[in-house]
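Note sheet for the following structure.
The values are calculated or read from the model by the stated rules, or taken from the named source; none is laboratory data. Quick caveat: nothing in here was measured; it's all calculated off a predicted structure. So basically every Cβ, Gly included, is an ideal-geometry build from the backbone, and we count neighbours across all protein chains shown. Surface accessibility is based on the protein's heavy atoms, side chains included, excluding ligands, DNA and RNA. Shrake-Rupley method; radii C 1.70, N 1.55, O 1.52, S 1.80 Å.
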Amino acid sequence: MPIAKVNGVEIEFEPGMTVLQVAELAGEEIPRFCYHERLSIAGNCRMCLVEVKPGPPKPQASCALPAADKQEIFTNTPMVKKAREGVMEFLLINHPLDCPICDQGGECDLQDEAMGYGRDDSRYVENKRAVEEKFMGPLIKTTMTRCIQCTRCVRFATEIAGVSDLGLIGRGEDAEITTYLEQAVASELSGNLADICPVGALTHKPWAFNYRPWELKKTESVDVMDALGSAIRVDARGPEVMRILPRVNEAINEEWLADKSRYAVDGLMRQRLDRPYVRVGGKLVEATWAQAFAAVAGKIKATAPDRIGVIAGDLSAAEEMKAALDLFTALGVKSIDCRQDGSALHPKWGRESYLFNSTIQGIEDADAIMLIGTNPRIEAPLVNARIRKRWIRGDVLVGVVGEQADLTFPYTYLGAGVDSLKRFVDHGPIQKEKPIFILGAGAFARPDGAAILAMAAEAAGSMGLVKDGWNGFNVLHTAASRVGGLDMGFVPAEGGKTALQMVEKGGADVLFLLGADEIDLGQTDAFVIYMGSHGDAGAHRADVVLPGAAYTEKPGLYVNTEGRTQMAERAIFPKGEAKEDWTILRALSDELGARLPYDTIEQLRDKLITDHPTFGQIDYAPGHASAAAFDLMAVGEKGETTDAPFVSPVKDFYLTNPIARASRTMAECSSLHAGASKMAAE
């Protein structure tokens, strides 16, 4: 390996690295504004100047300069210091210096570097230029006079998000970054623009002037708005969550976050269930916990177990699902289901039949990708970004069976439904090393879902997707709770009913909804008990409401679509009289005479891990470790299929769960993008 000297210290480095990267290997901090590890190199801020020998006797931009063997790099010479101070002076010529009112204050790269390289006065007497503000939608607030034209936002939008909405126009002093068509940035990842802006030109509009960073208590947690389990940090002040930011997790979300996961936080304070309710005379009236428990226990005790149904919602943590499973199984209830969308997935076919087996990071190794019944751009935007990242590298085939949508990368459209999928069943092995299928709920959450699964598994077998060291059979879930529910067997026992059968007219006499709001309750005539955090569809139909905690208000285990168990931490406490969900079930078990054998969350987790050991493997994704033992031919059930096209279950990216539907910001985004889609269609 080549060796360079950084300030006299020898460092080995990999060929192809830049001088900036080599200097950082040596522990030297290089100031920068335009350079970002995940974006292409622009080299236009010039803040990363260093002195290099051999080379011309002048400072050079280290971000764009390839490192060479036997090179000497100097980062702290008088020449370098003077050059950086000159660059900083230029950058501040037109900057408004409005730090006291800037939302970036306290987290601003320009502010930090000005402390090291800035002057205490200015030699310029000319008037500062001003730039008109730009409209970038309801999520991004612009103060473009602060912009230093680093072009990070332009490169992110073009390269990562895949939308060519931003660009640099004008020349010299008149140069400015703008949206080409003076309209909102059409991306589900637009909030990352504010994260990567180093100067406060782009900030988060929903949070403007609401907080200062040093006021916030920071809690590391896990996102539940989709099934990816992105690493997040929940920042709270007092009893309120003020913002959610991404944490770096190379295996899942890298350092990005989808807009819904980030900006739905205002929904955590609205339409909350903060006390129990019991329906009296057709209306829900406030009640005490004792009255609510009495109403629930009286009804359940008076109902035969085969007339009781339990449905878990999309945001449920593993702890409350385990408590509900233990409680109602002890009562003899067989109709228990976590698949409120009617999914055909089932643990009886093996864990690999419902996991993203190649792992999310494994997408970057794939050389052929087939999307079946999924629109990853709205179901899991960060999976879509991974596929785009793989496509940018080249030498990959991407095909789609299902909806024809803008996925931010080109693909071969192979058809809308079952007939197109059937063509692959007899397809011989393809000449690719690591091909993958990505199946979405549009393929398996339908009446013939089991037959579709069997067909897809057969096609995967004939095309050689599963082999030693590789498992390319992937299921992309949309619900954070789904894999955890399947792992613990939260599905109907022999003779039990599925979620869709329970909500039919006469399907059950008592329905216990564990935060289940995405299922149609219009036909059921059952007595409905709803336990959840928001006054959404389930609570509106309920006869008894038991107020639970949102995901930021309780510790919990969530299993993402890869089968990776992750731990969410409590950032704030539940609202009003609301309780953590598992504690409600524990108290209810006393009333029902079937006391659960745990009194603390640690005891509950011990029971969960004892019964289902995979929950103890924190942050471990099995990946293709068990590919050799995975029998594709055992997945699904042979049967008749319909010719209905595959349709994604996500109709509106911004309104997929009770928290998002309670958010004003998400409502504004939904309205704006629905209007844009209508105009485009016209």
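Within segment 80-92, residues that are open to solvent by less than 40 Å² (accessible area, probe 1.4 Å) sit with their Cβ atoms under 9 Å from residues that are among the hydrophobic types (A, V, I, L, M, F, W, C) and in a helix (DSSP H, G or I), at 6+ positions apart or across chains, in these pairs: 88/110; 88/114; 91/110; 91/114. Screening segment 242-264 for residues that are closer than 18 Å to residue 103 by Cα and surrounded by fewer than 24 Cβ atoms within 10 Å (Cβ to Cβ) and picking the one that is nearest to the chain's Cα centre (by Cα) gives 246. Counting the residues of segment 504-522 that are over 21 Å from residue 657 (Cα atoms) and either not hydrophobic (A, V, I, L, M, F, W, C) or not in a loop (DSSP other than H, G, I, E, B) (or both) gives 6. In segment 626-682, what residues are more than 30 Å from residue 473 (Cβ to Cβ), modelled with pLDDT under 90 and open to solvent by 50 Å² or more (accessible area, probe 1.4 Å)? Matches in segment 626-682: 672, 674, 676, 677, 678, 679, 680, 681, 682.
Summed over segment 504-533, residues that are out of contact with any helix residue (DSSP H, G or I) (no Cβ under 9 Å at 6 or more places or on another chain) and either in contact (Cβ under 8 Å) with a residue 60 or more places away in the chain or within 16 Å of residue 546 (Cβ to Cβ) (or both) total 0. Scanning segment 99-127 for residues that are part of a helix (DSSP H, G or I), open to solvent by 60 Å² or more (accessible area, probe 1.4 Å) and of a type in the set (A, V, I, L, M, F, W, C) yields 101, 115. Just one of the listed residues (27, 43, 106, 55) is on the phi > 0 side of the Ramachandran plot and in contact with a strand residue (DSSP E or B) (Cβ under 7 Å, 6 or more places away or on another chain), namely 43. Considering only segment 133-140, I want to know if a residue exists there that is touching a Cys at 6+ places or on another chain (Cβ under 8 Å), closer than 23 Å to residue 232 by Cβ and either part of a helix (DSSP H, G or I) or basic (Lys, Arg) (or both). The answer is no; no qualifying residue exists.
Going through segment 105-146 one residue at a time, which ones are within 21 Å of residue 203 (Cα to Cα) and of a type in the set (D, E, K, R)? Listed by number, the residues that qualify are 107, 109, 112, 113, 129, 132, 133, 134, 141, 146. Inclusion of residue 596 among residues that are modelled with pLDDT of 95 or more, touching a helix residue (DSSP H, G or I) at 6+ places or on another chain (Cβ under 6 Å) and assigned to a loop (DSSP other than H, G, I, E, B) is warranted.
Only residues that are more than 32 Å from the chain's Cα centre (by Cα), free of Cβ contacts under 8 Å to residues at least 40 places away in the same chain and buried (at least 17 other Cβ atoms within 10 Å of the Cβ) were counted across segment 27-58, and they come to 5. Across segment 560-597, which residue is surrounded by the most Cβ atoms within 10 Å (Cβ to Cβ) among those that are farther than 18 Å from residue 316 by Cα and of a type in the set (D, E, K, R)? Only one residue tops the list, namely 591.
Looking at 463, 531, just one residue is modelled with pLDDT of 95 or more, out of contact with any Cys (no Cβ under 8 Å at 6 or more places or on another chain) and either open to solvent by less than 20 Å² (accessible area, probe 1.4 Å) or polar (S, T, N, Q) (or both), and that residue is 531. Among residues of segment 280-294 that are in contact (Cβ under 8 Å) with a residue 24 or more places away in the chain and within 15 Å of residue 589 (Cβ to Cβ), those with a Cβ under 9 angstrom from a residue that is hydroxyl-bearing (Ser, Thr, Tyr) and surrounded by 11 or more Cβ atoms within 10 Å (Cβ to Cβ), sequence gap 6+ or separate chain, pair up as 292/277.
The residue of segment 421-447 that is nearest to residue 343 (Cα to Cα), among those that are buried (at least 20 other Cβ atoms within 10 Å of the Cβ) and more than 27 Å from the chain's Cα centre (by Cα), is 421.
Exactly one residue among 172, 106, 118 is out of contact with any Asp or Glu (no Cβ under 9 Å at 6 or more places or on another chain), of a type outside the set (S, T, N, Q) and touching a residue at least 12 places away in the same chain (Cβ under 8 Å), and that residue is 106.
Put simply, of 304, 317, 380 the only residue that is open to solvent by 10 Å² or more (accessible area, probe 1.4 Å) and farther than 14 Å from residue 489 by Cβ is 304.
Residue pairs whose Cβ atoms lie under 7 Å apart, sitting 6 or more positions apart in sequence or on different chains, and linking a residue in segment 299-312 that is among the small types (Gly, Ala, Ser) to a partner that is surrounded by 15 or more Cβ atoms within 10 Å (Cβ to Cβ) and assigned to a helix (DSSP H, G or I), are 309/502; 312/321; 312/324; 312/485. Entry remark, segment 260-314: residues being polar (S, T, N, Q) and more than 30 Å from residue 225 (Cα to Cα) number 3 in total. Within segment 454-498, the set of residues being hydroxyl-bearing (Ser, Thr, Tyr) and either in contact with a Phe, Trp or Tyr (Cβ under 8 Å, 6 or more places away or on another chain) or without any contact (Cβ under 8 Å) to a residue 24 or more places away in the chain (or both) comprises 462, 481. For residue 351, the stated conditions do not hold, so it cannot be described as of a type outside the set (A, V, I, L, M) and either open to solvent by less than 40 Å² (accessible area, probe 1.4 Å) or farther than 27 Å from residue 632 by Cα (or both). Take residue 154 and tell me if it is without any contact (Cβ under 8 Å) to a residue 24 or more places away in the chain, out of contact with any helix residue (DSSP H, G or I) (no Cβ under 6 Å at 6 or more places or on another chain), buried (at least 16 other Cβ atoms within 10 Å of the Cβ) and within 23 Å of residue 94 (Cβ to Cβ). Yes, satisfied. Number of residues in segment 148-194 that are part of a loop (DSSP other than H, G, I, E, B) and either acidic (Asp, Glu) or at positive phi (or both): the value is 7.
With respect to residue 385, is the statement that it is of a type in the set (Gly, Ala, Ser), within 21 Å of residue 228 (Cβ to Cβ) and surrounded by 16 or more Cβ atoms within 10 Å (Cβ to Cβ) true? Taking the combined requirement at face value, the residue satisfies it.
Conditions (1) crowded, with 19+ Cβ neighbours inside 10 Å; (2) in contact with a helix residue (DSSP H, G or I) (Cβ under 6 Å, 6 or more places away or on another chain), marked per residue:
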| residue | (1), (2) |
| --- | --- |
| 172 | no, no |
| 179 | yes, no |
| 193 | yes, yes |
| 199 | yes, yes |
| 204 | yes, yes |
| 207 | yes, no |
| 218 | no, no |
| 222 | yes, no |
| 227 | yes, no |
